[in-house]
Amino acid sequence: MSLINSTIVQHQEEGREQLNVLERTQEVIYKALKELGHKEEAYELLKEPLRLLTVRMPVKMDDGTVQVFTGYRAQHNDAIGPTKGGIRFHPDVTENEVKALSMWMSIKCGITNLPYGGGKGGIQCDPRNMSFPELERLSRSYVRSISQIVGPTKDIPAPDVFTNSQIMAWMMDEYSRIREFDSPGFITGKPLVLGGSRGRESSTAMGVTMIMREAAKVVGIKIKGARIIIQGFGNAGSFLAKFLSDQGAKIVGISDAYGALYNPEGLDIDYLLENRDSFGTVTNLFKDIITNQELLIKPCDILVPAAIENQITEENASHIKAKIVVEAANGPTTLKATEVLTQGGILIVPDVLASSGGVVVSYFEWVQNNQGYYWTDEEVENKLEKILTTAFLNVYQTSVNKGIDMRLAAYMIGLKRMVEASRFRGWI
Ligand code: GLU
């Protein structure tokens, strides 16, 4: 029995659910490769990133003390081309999480046919308690620490949880100083004036609305008038609430890290957008709040987890009342929960598909940087739409044809070309 199989059995025997995101990812990779008919050596190659760099960064804090931060950069596989993926700043960042996130990026790039493999970075820190100058020093220090293994043709970072265009700008500036030439293509998600792409900031949410529209079609729901719950009010969740309410959907629930709001008559999204802070905190404005866990099981047509990992688990999955779950966050649903939802007739649109709009527009940004020629909003939106509707149809058709859930179908499509490229290169 392979190591991964024995790990799966051990967890099942103990009746514990796999909340470890790396093991969970390995399990789906294993199943997808098996379904594709590949040998064990393909799994050996793809079960872990090819490269993981751990760095420790001393940073001068405003009060004169020095704090040492730990960060990572993982590169899953570069057979297709350079690796690509965001950098998250969060106190819960771990090595295993960054590894799993880099593998999820491989699948996102695979199903949208981008010329990249997956990468991801993370720093253990809490930007909510740091000043701007402290964040700038940390961001620059991280780039100095990983500069050997990144670059416009090696590994291209981008924003993720709690990082934004200002942080990308500092990082791009630091990288350009190290290389001694302007390198806009080193990182994506930059401000427009520094070579950012039109539409990048709202692209994850824009992509979610496009994918959701396709999913709603196959389930027979209309977005106009649909009751939608969005867990999370950060970059993805807040833009999404706006786009969907503009399309006539009723946003009945939203949440932040501290609690949730639910109103069956619909929430006033414009008020929430105007009054949220830069980390998406809004529940502090209200007295009547519920917990995130309570929100997930409230009545709705479409549930969108747009916050963090492991939110829908074996414990709450059977209480979810939505007809569709669209994963705008990375890794919000465990495998056991995916099974429970699927058996209950709920369509679950996996993260690697639903949230891939961000990396697609990042790819557009990198292409525009490389050619020095910039596109209009309309061009970006049209190209994004074409890529995402094709990706949805491919994943959905594969899941229907093979009688498997959309997560496994997405992994099969995403990994297929990575194995092919690895084979042509003579790696396996
Ligand atoms: N962090 C985003 C994601 O998880 C975007 C990555 C990118 O733009 O490269 O998909």
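Values for this structure:
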| item | result |
| --- | --- |
| So S102, is it free of Cβ contacts under 8 Å to residues at least 60 places away in the same chain, within 16 Å of the ligand (Cβ to nearest atom), in contact with a His (Cβ under 6 Å, 6 or more places away or on another chain) and not aromatic (F, W, Y) | yes |
| Neighbours by Cβ (under 6 Å, 6+ apart or cross-chain): first from the range 169-193, within 14 Å of I146 (Cα to Cα); second outside any helix (DSSP H, G or I) and more than 15 Å from the ligand (Cβ to nearest atom) | Y175/S183; S176/D182; S176/S183; I178/S147 |
| Pick from the range 305-348, criterion among the β-branched types (V, I, T) and within 15 Å of the ligand (Cβ to nearest atom), ranking: farthest from D160 (Cα to Cα) | V326 |
| Residue ID - modelled with the lowest pLDDT, chosen from residues in the range 254-266 that are farther than 12 Å from K298 by Cβ and surrounded by fewer than 18 Cβ atoms within 10 Å (Cβ to Cβ) | A257 |
| Elements of type strands (runs of 3 or more DSSP E) in the range 40-90, at least 2 residues being within 16 Å of the ligand (Cβ to nearest atom) and free of Cβ contacts under 8 Å to residues at least 60 places away in the same chain | 66-75 |
| Residue match in the range 25-37 (condition: of a type outside the set (S, T, Y) and within 16 Å of the ligand (Cβ to nearest atom)) | no |
| Among the residues listed as I251, I269, I223, I230, the single one being within 30 Å of W366 (Cβ to Cβ), modelled with pLDDT of 95 or more, in contact with a helix residue (DSSP H, G or I) (Cβ under 8 Å, 6 or more places away or on another chain) and more than 15 Å from the ligand (Cβ to nearest atom) | I230 |
| Residue that is nearest to I211 (Cα to Cα) [pool: residues in the range 283-308 that are at pLDDT below 95 and within 22 Å of the chain's Cα centre (by Cα)] | A307 |
| Those residues of the range 234-277 which are among the basic types (K, R) and either free of Cβ contacts under 8 Å to residues at least 12 places away in the same chain or not in a loop (DSSP other than H, G, I, E, B) (or both), in sequence order | K242, K250 |
| S356 being within 12 Å of the ligand (Cβ to nearest atom) and at pLDDT 95 or above | yes |
| Matching residues in the range 108-151 - criterion: being in contact with an Asp or Glu (Cβ under 9 Å, 6 or more places away or on another chain), aliphatic (A, V, I, L, M) and either part of a helix (DSSP H, G or I) or within 23 Å of E309 (Cα to Cα) (or both) | V143, I146 |
| The lone exception for F89 - which of (1) surrounded by 24 or more Cβ atoms within 10 Å (Cβ to Cβ); (2) at positive phi it fails | (2) |
| Matching residues in the range 168-195 - criterion: being away from the ligand (no atom under 16 Å from the Cβ) and assigned to a helix (DSSP H, G or I) | W170, D173, E174, S176, R177, I178, R179, V193 |
| Residue count, the range 196-220 (criterion: assigned to a loop (DSSP other than H, G, I, E, B) and within 14 Å of the ligand (Cβ to nearest atom)) | 6 |
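The values are calculated or read from the model by the stated rules, or taken from the named source; none is laboratory data. Since this is a predicted model, take the numbers as computed values, not measurements. Cβ: placed from backbone, ideal geometry, glycine included. Neighbour counts: every protein chain shown.
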